[in-house]
Amino acid sequence: MVAGPGDRSWINAPVNGPGGADRAGDPSIDVGEEDIVLRRTLLQLLAGAGVALDGQFLGAVDNLRRKMDDTLVSATVSPTMLDQWEETTLGYGRQYQATPSLRMLCDVLLDFSEVRRMADKRQPVELQERLCRIAAQLSGLSGLIMINLGDHRLARSFFRTARTA
């Protein structure tokens, strides 16, 4: 199906990760300003435009990390969905060296945001442990990417979030 000129369905379309088709049209999903900034940056990168690390982008990245911290400190996902998330996270590890840092950061943080939304609800202990492990891996990877991008302060913040998870 080809989108028409007025079609804006791409705004809620999944970039990576499981469960994207389910959440595309769900108005109850908490799509924050961070997601909008990350999606816009990713679209600009895909279009070949040069993108600079500005205050709005770094603010969105840090707000997303802070929301995850809040969710982890406070906390219904199926085991199958968690299997898919674990596979996605492992895939990022394989892509790390071959993908441009800013592009990778957008993909990872969009998935990080989705994992945060899932962790926002109480889970059985074994599922919550797996969700926290996924959050820790995505946060650690985000920290590594932030080092590549030259923001060591934000990298340390992501590493603290990973340790909390």
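The values are calculated or read from the model by the stated rules, or taken from the named source; none is laboratory data. Just so you know, these numbers come straight off a predicted model, no measurement behind them. Positions of Cβ are backbone-derived with ideal geometry, glycine not excepted, and every protein chain shown enters the neighbour counts. Just so you know, the surface numbers come from the protein's heavy atoms only, side chains and all, with ligands and any DNA or RNA stripped out. Shrake-Rupley method; radii C 1.70, N 1.55, O 1.52, S 1.80 Å.
Using a basic spin-label model with each label point 7 Å from the Cα along Cα→Cβ, how many nm lie between Glu87 and Glu33?
It works out to 3.7 nm between the two label points.
Hey, any idea what % of segment 109-154's accessible area is carbon plus sulfur with a 1.4 Å probe?
55
Sticking with the crude label model, points 7 Å out along Cα→Cβ, report the distance from Gln44 to Arg94 in nm, one decimal please.
Here the modelled spin labels are 3.1 nm apart.
Counting Lys and Arg as +1 and Asp and Glu as -1, what is the net charge of the other residues whose Cβ lies under 12 Å from the Cβ of Arg163?
It works out to a net charge of +1.
Ranked from highest to lowest mean number of other Cβ atoms within 10 Å per residue, what is the order of the peptides 49-62, 150-163? Please report the intermediate quantities before stating the final value.
Values: 49-62: 14.0, 150-163: 16.6.
So the peptides 49-62, 150-163, ranked by packing, come out 150-163, 49-62.
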